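The values are calculated or read from the model by the stated rules, or taken from the named source; none is laboratory data. Computed from a prediction, not measured in an experiment: that's the story for all the values here. Note: ideal-geometry Cβ built from the backbone for every residue, glycine included; neighbour counts use all protein chains shown. These accessible areas exclude ligands, DNA and RNA; they are computed on the full protein's heavy atoms, side chains included. Shrake-Rupley method; radii C 1.70, N 1.55, O 1.52, S 1.80 Å.
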Amino acid sequence: MKLALIILTTTFALKAAPVTALRFSPDGKYLLISRTRAIEVRAVDNEVKARKIPCGFDKIMALTFSGDGKTLAVAGGTPGDVGGVHLLDWPSGKVRGKWDVFEDVATCVAFGPFVNFAAGSADHSLVLLDQRREGRVAKRFEGHTKAVRGLAYAPGGKMLVSVSADRTVKSWKVGTGKLERTFGNHLGSVNAVAFRPRVAPAFCATASDDKTVRLWQPSIGRMVRIVRGHGGPIFAVAFSNDGKQIFSIGREGIGRIIDADSDRVLHEWKAHDDWTYALAIGPQGRLATGDWGGEVKLWMV
């Protein structure tokens, strides 16, 4: 399969603080970039001056939008001290509520189909937070023994999958908080998880320090396949919008495109010269990557 990769000459903010989170706006017109105590908002298709949305976190670790696109969740904090999730109105950036409930930085956040949203922290916590009551923890999921690095809801919102520095992938029943399964196949910290869209039964991909991407069918407790060929730890993984491809990137700064139905790496390219933690999928084939040196690049695939 021959793939064309067109590199847009769009490079944002060289030599800034490390980029640890990226997200396209729901309409795809803007790219949101984590900065120190702020979110930088860049227009994708024109040279409109960037604006910044202030944020109280020293370090922003994750950005995500609610299903209706009206609420932006920001996860972060001060490493080793405090962490939480702030909900902002989009696009105004007005703060709607703060859930500073962790003893270390919040690393990940996801909206489900119901009133609660999920968040994980470097303090080993995985919780559901109640949108109706600022600061309230609705449920705790007990089981991880090291930092929670990522989480994702399965389609339908009844199952939650989390990944951790304790090398495990765990699936949980959202309604009860019950741990359903633990997968210990990875040989290093597990850094990211993403569910495949438009496919039933639900499949998810995980990325690890063990230099592999692994595919899972968590509802029945099955590891489907291992994708090897990476030369270093993988920090970010995402599916294309049609679910046919997987994108991965990590310490090498090499982006890879993987066939979602096999273990084949279809294409790879040198995206950055530094460790790359952030990856975001946008509409119309757009892809954004951000590295430890503060560089953000926009690609077309």
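Listing for the model above:
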| read-out | value |
| --- | --- |
| Strands (runs of 3 or more DSSP E) wholly inside segment 103-146 that include at least 2 residues being in contact with a Phe, Trp or Tyr (Cβ under 8 Å, 6 or more places away or on another chain) | 106-111, 116-121, 126-130 |
| Residue among Arg149, Arg167 that alone is outside any loop (DSSP other than H, G, I, E, B) and either of a type in the set (A, V, I, L, M, F, W, C) or buried (at least 17 other Cβ atoms within 10 Å of the Cβ) (or both) | Arg149 |
| All positions within segment 219-240 that are closer than 23 Å to Val109 by Cα and modelled with pLDDT under 95 | Ser219 |
| Unmet criterion (only one of (1) open to solvent by 20 Å² or more (accessible area, probe 1.4 Å); (2) within 20 Å of the chain's Cα centre (by Cα)) for Ile234 | (1) |
| Residue, surrounded by the fewest Cβ atoms within 10 Å (Cβ to Cβ), within segment 274-292, restricted to residues that are in contact with a His (Cβ under 9 Å, 6 or more places away or on another chain) and in a strand (DSSP E or B) | Asp291 |
| Ser34 being polar (S, T, N, Q), open to solvent by less than 10 Å² (accessible area, probe 1.4 Å), at negative phi and at pLDDT 95 or above | yes |
| Output for segment 80-91, where each listed residue is open to solvent by less than 80 Å² (accessible area, probe 1.4 Å) and assigned to a loop (DSSP other than H, G, I, E, B) | Gly80, Trp90, Pro91 |
| Any hit, segment 55-70, residues being within 24 Å of Trp275 (Cβ to Cβ), open to solvent by 80 Å² or more (accessible area, probe 1.4 Å) and modelled with pLDDT of 95 or more | no |
| Segment 252-273, subset out of contact with any Lys or Arg (no Cβ under 9 Å at 6 or more places or on another chain) and either part of a loop (DSSP other than H, G, I, E, B) or on the phi > 0 side of the Ramachandran plot (or both), residue least open to solvent (accessible area, probe 1.4 Å) | Arg264 |
| Qualifying residue in segment 219-226 (condition: outside any strand (DSSP E or B) and within 18 Å of the chain's Cα centre (by Cα)) | no |
| Residue within segment 190-207 that is farther than 24 Å from Ser34 by Cβ, at pLDDT 95 or above and surrounded by fewer than 18 Cβ atoms within 10 Å (Cβ to Cβ) present | no |
| Count of residues meeting criterion [touching a Cys at 6+ places or on another chain (Cβ under 6 Å) and either aromatic (Phe, Trp, Tyr) or in a loop (DSSP other than H, G, I, E, B) (or both)] in segment 186-201 | 1 |
| Output for segment 216-272, where each listed residue is within 22 Å of Tyr153 (Cα to Cα) and among the aromatic types (Phe, Trp, Tyr) | Trp216, Phe235, Phe239, Phe247 |
| Enumeration of residues in segment 37-54 that are open to solvent by 30 Å² or more (accessible area, probe 1.4 Å) and under 20 Å from Gln284 (Cα atoms) | Arg42, Asp45, Asn46, Glu47 |
| Segment 212-224: number of residues that are open to solvent by 60 Å² or more (accessible area, probe 1.4 Å) and basic (Lys, Arg) | 1 |
| Selected residue (criterion: nearest to Phe235 (Cα to Cα)) from residues of segment 47-76 that are without any contact (Cβ under 8 Å) to a residue 40 or more places away in the chain and among the charged types (D, E, K, R) | Asp58 |
| Count of segment 152-164 residues which are open to solvent by 10 Å² or more (accessible area, probe 1.4 Å) and either in contact with a Lys or Arg (Cβ under 8 Å, 6 or more places away or on another chain) or free of Cβ contacts under 8 Å to residues at least 24 places away in the same chain (or both) | 2 |
